[in-house]
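Novice: A single structure is presented below for examination.
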Amino acid sequence: MHSTLDEIFELLKKDGIQSQFSSKQDRLYICASKDSDIIRIGDIIAKSRQRLSFVDSANSNIIFENRPLEHFKRLNRESMLFTASTSLSIAEGESLLNSEGYTIGYYFPPILDNKDMTFYEWLSNYHIPALNYFSGDLSTNIRNLSGILSNGNIYTSISAPRMATGSDINRLLLLTGQNLFYPTLVTFKINRMKQDINILSFSAQKIRYLFSAIASLATKGVRIDFASLYTREDGTYEPVLEIGYGVDQQYDFKNWIIRTVSNEGANLINTISDYHQIRERLYNFVQQPNQIELIAKFRAIGGLEEILKLLSQNFKLNGYLYRFEKTAFSFRLILPESAYEKTKDTLLVECKRYRGDIKFIDCKQHTRDEIPLSIYSRIIHSCC
Amino acid sequence: MDRDLIKIKEIFVKLLGKRWISDNNRDLTFYNRDLWPREVISSKFGVWQHKPNLILWPGTIDEVVETVKIANQNHINLIPFGAGSGVCGATVPSSSIPSVIIDLKRMNRIVNVDYQSLILDVESGTLGYPLEVQLNNKGFTLGHFPSSIYCSSVGGWLAARSAGQESSRYGKIEDMVVSLKVVTGSGEVIDTSNIISSEIGGDLNQLFVGSEGTLGIICSAELRLNYLPKFKTYSSYIFKRIDDGLMAIRDMMQEGVGGTVIRLYDELDTYIALGHRKEQQKNQGMIQKYLSDLNGDLSEIFLKRVISFPQILNTMSQFVAQGCLMVLIHSGNENEYVKFCQIKSRQIAEKYGGEDAGEAPALRWEKHRYSISYKQPKIFYAGGFVDTMEIATTWDKISDLYYEVKKVIQDRAFLMAHFSHAYEDGCSIYFTFASRAANYNDAIKNYDFIWKNALDAVVRMGATISHHHGVGLSKIEHLKKQIGNNYELFKILKRTFDPNNIMNRGKFSGER
């Protein structure tokens with residue numbers, strides 16, 4: 001039999017765990033102030049046969065609130081792993097790692113510059129950073145998750161470099177976000193800090209050459225740390241590609257990078273960029289309001305160029321490389337307010353021509369893709 | 001065959017044609033198991049527990065969809081089957097309702113190769129070796145080289161989260177997946193190719209990879225390709241202690257110079273691996289001769305002795321120990337960088353006391369890289385059994401895990417191990433163990449005892465019970481021990497994608 005909210009309230013109170021009714025007395029808000037509270041809350045919820053919710057929605061009557069928990073952190077130097085409470089801010093985590101000669105490996109400014117952003121937000125928003133080619137993203141770096149499930153069970157995965165024990169449950173929990181799971185502790189792979197970051201700047205007459213250069217670097221396995229590509233002043237001047245590579249061992253990747261990029265028709269230029277300039281520029285781009293993201297497999301580089309050409313004939317636009325991986329990259333367009341809605345329609349038609357090879361995301365809406373979204377809903381429905 | 005089954009067979013004949021269905025006893029016997037050694041023992045003693053009722057060979061994804069619909073309507077257990085080289089019993093029919101094997105080998109087409117994005121689109125029934133040869137002919141490689149490459153399929157690799165011998169460079173199969181085309185247990189086709197993995201919302205592929213046919217049937221996959229490396233270097237080193245070698249691998253991986261292949265053998269495995277060396281064969285005593293024979297002619301008399309006295313042989317092997325062999329292969333298309341990695345890794349090996357053993361052991365390993373599995377039947381013929389266990393953990397626990405598992409097995413089985421599949425944060429341990437199987441009951445009792453105690457130790461140490469063989473029937477109880485209450489999460493996935501529980505019942509979350 002399900003326990004009533006009053007019964008749960010009393011049990012929590014007895015254990016010194018803070019909880020509070022809504023003004024209409026139809027919802028109970030639970031707040032853990034230390035990690036050990038989580039286990040007790042889970043126990044009470046599991047026995048009550050009620051379900052916890054981690055977002056305040058109309059369908060839930062017991063809501064687990066996101067409040068600061070104890071800040072736990074542990075550095076496993078031998079295995080290059082970092083474990084942190086999700087309430088810890090990313091900036092604090094990164095600073096601690098830096099003092100030990102390690103880094104999360106993210107170069108994307110908003111994550112590190114926003115002092116309030118916590119690992120919880122990092123996980124629940126499934127943050128995929130730009131400028132992170134070498135270090136990978138969230139999904140490839142997480143090794144262990146602990147937290148509370150909506151049925152009150154405490155979830156702890158084991159930490160192993162790779163496993164063959166069924167579907168990736170960590171991935172499931174991250175996919176379903178705040179609906180199924182509240183992460184309290186996360187372990188992720190870290191990177192050694194580079195002694196320095198060298199940056200090479202290239203330009204080309206056509207943006208296609210620079211896209212091809214990125215594809216070539218990725219598929220040929222050249223070890224770079226990040227790439228930053230942007231159109232200059234509304235595409236009227238030559239676009240620029242900047243490649244950052246770490247200096248941490250005797251091998252210098254410079255010649256390999258120059259050869260690979262030059263083979264695609266780009267030229268090394270004398271523009272002096274440093275890492276802070278790149279971060280600053282990218283940060284300014286990210287802050288622009290109207291953005292659409294075009295994601296293209298490398299085979300669709302020609303199509304991407306055509307779309308950009310078509311759009312620049314009709315609208316004033318600017319753009320920058322957002323991120324890239326081994327087979328695809330994404331390019332963000334910054335649009336004036338007036339062109340925003342109209343451009344989406346044009347893009348929809350254009351991208352359809354390239355089937356699954358080019359697609360776009362409306363960054364304003366920031367919605368998840370249609371297919372996974374319907375699957376997430378079904379998973380969540382299955383668990384309730 | 002009862003009436004219901006006759007009716008079901010007729011429905012499938014209509015769908016696939018008579019040629020692509022079998023209820024022939026010989027076929028049913030063949031498909032009653034994979035290469036799970038426990039089932040091999042059973043077969044050897046004539047115990048056939050799990051014969052399926054029908055075998056189907058669909059040729060297209062549409063036929064797979066229709067097959068799943070029929071299975072839902074008639075309450076049939078469907079078991080996807082690749083090439084049958086799994087070693088955990090994942091394709092063993094173990095359900096309380098009629099079981100139908102759906103063998104995907106007819107679906108073996110290369111749909112497309114995108115040479116610009118380096119993406120291969122391939123059907124899941126494609127066998128590993130011919131696929132790799134075709135890619136090599138065009139100057140590419142998938143980079144996936146399991147020792148079962150001659151007798152395993154793309155679908156099987158994906159279903160079990162397989163790893164190849166070059167995983168340190170190319171990753172495991174789950175790292176290569178760009179997209180999947182899956183027919184779920186409800187007959188729905190999910191094509192993840194429209195979702196580029198870097199997109200917001202993450203990667204659905206990782207829910208289906210490793211699900212061992214319990215959520216649906218993987219019909220095709222887009223996998224990442226690589227340029228075939230032009231340059232290769234071979235090195236090997238001998239370390240005095242296994243722990244020295246482990247620290248060297250860790251540093252190599254964390255410095256980014258670990259190589260394409262990096263393997264470290266424990267003392268016994270080293271002795272066998274180096275058994276060919278002429279200087280070693282001189283003046284060898286009885287034990288040495290026995291051990292070096294393991295690498296060469298496995299005579300029945302010799303094998304009988306080995307498996308009859310495992311604990312004695314495990315103890316005696318310490319006296320012939322000559323260190324631990326590390327084999328290293330670096331490869332790539334930038335000769336200068338390949339050489340740099342080789343030099344850097346040599347410096348690391350020397351730092352931990354590694355003595356240069358030249359190119360020969362690495363070259364020899366490469367030449368015989370797929371042959372070891374084919375020596376196993378001889379042990380079964382000689383009245384014993386042999387099995388392998390692949391577990392993994394982080395670097396800080398790897399050495400303790402090795403000694404702990406060794407401790408709980410060594411009284412019952414002749415035991416050796418190597419460390420491969422290394423990463424920045426940890427490594428896998430691959431144990432090979434052999435023991436006696438005088439009669440069916442004793443053999444099964446001994447076999448189950450070894451596995452139970454070993455996996456209990458693995459769970460106790462917080463390591464994973466499987467790095468790349470999967471779970472199947474063999475590890476399901478320990479998976480439950482390892483994840484406790486969280487086993488419910490597998491059930492959530494099962495309810496989502498296979499609401500009537502028709503896909504490979506009895507594995508992971510499904511009831512039998």
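Novice: In the range A:26-36, how many are crowded, with 20+ Cβ neighbours inside 10 Å and out of contact with any strand residue (DSSP E or B) (no Cβ under 6 Å at 6 or more places or on another chain)?
Specialist: Counting residues in the range A:26-36 that are crowded, with 20+ Cβ neighbours inside 10 Å and out of contact with any strand residue (DSSP E or B) (no Cβ under 6 Å at 6 or more places or on another chain) gives 1.
Novice: Kindly evaluate residue A:323 against the criterion of being within 24 Å of the chain's Cα centre (by Cα), buried (at least 18 other Cβ atoms within 10 Å of the Cβ) and within 23 Å of residue A:355 (Cα to Cα).
Specialist: Here the answer is yes, as residue A:323 does meet what is asked.
Novice: Residues in the range B:358-375 that are in contact (Cβ under 8 Å) with a residue 24 or more places away in the chain and surrounded by fewer than 19 Cβ atoms within 10 Å (Cβ to Cβ): how many?
Specialist: So the answer is 11.
Novice: Yes or no: residue A:340 more than 9 Å from every other protein chain (Cβ to nearest Cβ), in contact (Cβ under 8 Å) with a residue 12 or more places away in the chain and touching a helix residue (DSSP H, G or I) at 6+ places or on another chain (Cβ under 7 Å)?
Specialist: Criteria not met by residue A:340.
Novice: Exactly one condition in (1) part of a loop (DSSP other than H, G, I, E, B); (2) away from every other protein chain (no Cβ under 11 Å); (3) at pLDDT 80 or above is not met by residue A:151; state its number.
Specialist: (2)
Novice: For a quick check of your reading of the model, give me the residue pairs whose first member lies in the range B:408-423 and is within 13 Å of residue B:309 (Cβ to Cβ), whose second is small (Gly, Ala, Ser) and modelled with pLDDT under 95, with beta-carbon atoms closer than 7 Å and at least 6 apart or on different chains.
Specialist: B:412/B:435; B:413/B:434; B:413/B:435; B:414/B:434; B:414/B:435
Novice: Among the residues of the range B:200-233, which ones are more than 10 Å from chain A (Cβ to nearest Cβ) and more than 25 Å from the chain's Cα centre (by Cα)?
Specialist: Within the range B:200-233, B:230, B:231, B:232, B:233 meet the criteria.
Novice: Name the residues in the range B:315-357 that are surrounded by fewer than 17 Cβ atoms within 10 Å (Cβ to Cβ), at pLDDT 95 or above and either under 30 Å from residue B:410 (Cα atoms) or in contact with a Pro (Cβ under 9 Å, 6 or more places away or on another chain) (or both), would you?
Specialist: Once the filter is applied, which keeps residues that are surrounded by fewer than 17 Cβ atoms within 10 Å (Cβ to Cβ), at pLDDT 95 or above and either under 30 Å from residue B:410 (Cα atoms) or in contact with a Pro (Cβ under 9 Å, 6 or more places away or on another chain) (or both), the range B:315-357 yields B:353, B:355.
Every residue, every condition in (1) more than 30 Å from residue B:330 (Cβ to Cβ); (2) part of a helix (DSSP H, G or I); (3) of a type in the set (Ser, Thr, Tyr), yes or no:
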{"site": "B:358", "(1), (2), (3)": "no, no, no"}
{"site": "B:365", "(1), (2), (3)": "no, yes, no"}
{"site": "B:386", "(1), (2), (3)": "yes, no, no"}
{"site": "B:391", "(1), (2), (3)": "no, no, no"}
{"site": "B:396", "(1), (2), (3)": "no, yes, no"}
{"site": "B:399", "(1), (2), (3)": "no, yes, yes"}
{"site": "B:404", "(1), (2), (3)": "yes, yes, no"}
{"site": "B:411", "(1), (2), (3)": "yes, no, no"}
{"site": "B:433", "(1), (2), (3)": "yes, no, no"}
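Novice: Can you tell me which of (1) at pLDDT 75 or above; (2) within 14 Å of another protein chain (Cβ to nearest Cβ) is the one residue A:371 doesn't meet?
Specialist: Of everything listed in (1) at pLDDT 75 or above; (2) within 14 Å of another protein chain (Cβ to nearest Cβ), residue A:371 misses just condition (1).
Novice: Report whether or not residue A:290 is farther than 28 Å from residue A:336 by Cβ and in contact (Cβ under 8 Å) with a residue 40 or more places away in the chain.
Specialist: In short, no.
Novice: While we're here: Please verify whether residue A:146 is in a strand (DSSP E or B) and either within 14 Å of chain B (Cβ to nearest Cβ) or surrounded by fewer than 21 Cβ atoms within 10 Å (Cβ to Cβ) (or both), treating the condition exactly as stated.
Specialist: In short, yes.
Novice: Additional query: Looking at A:361, A:307, A:301, can you tell me which residue is within 14 Å of another protein chain (Cβ to nearest Cβ), assigned to a helix (DSSP H, G or I) and among the hydrophobic types (A, V, I, L, M, F, W, C)?
Specialist: None of the other options fit; the residue is A:301.
Novice: What do you reckon, is residue B:61 of a type in the set (Val, Ile, Thr) and closer than 28 Å to residue B:150 by Cα?
Specialist: yes
The values are calculated or read from the model by the stated rules, or taken from the named source; none is laboratory data. Keep in mind that this is a model prediction, so the values were computed, not measured. So basically every Cβ, Gly included, is an ideal-geometry build from the backbone, and we count neighbours across all protein chains shown.
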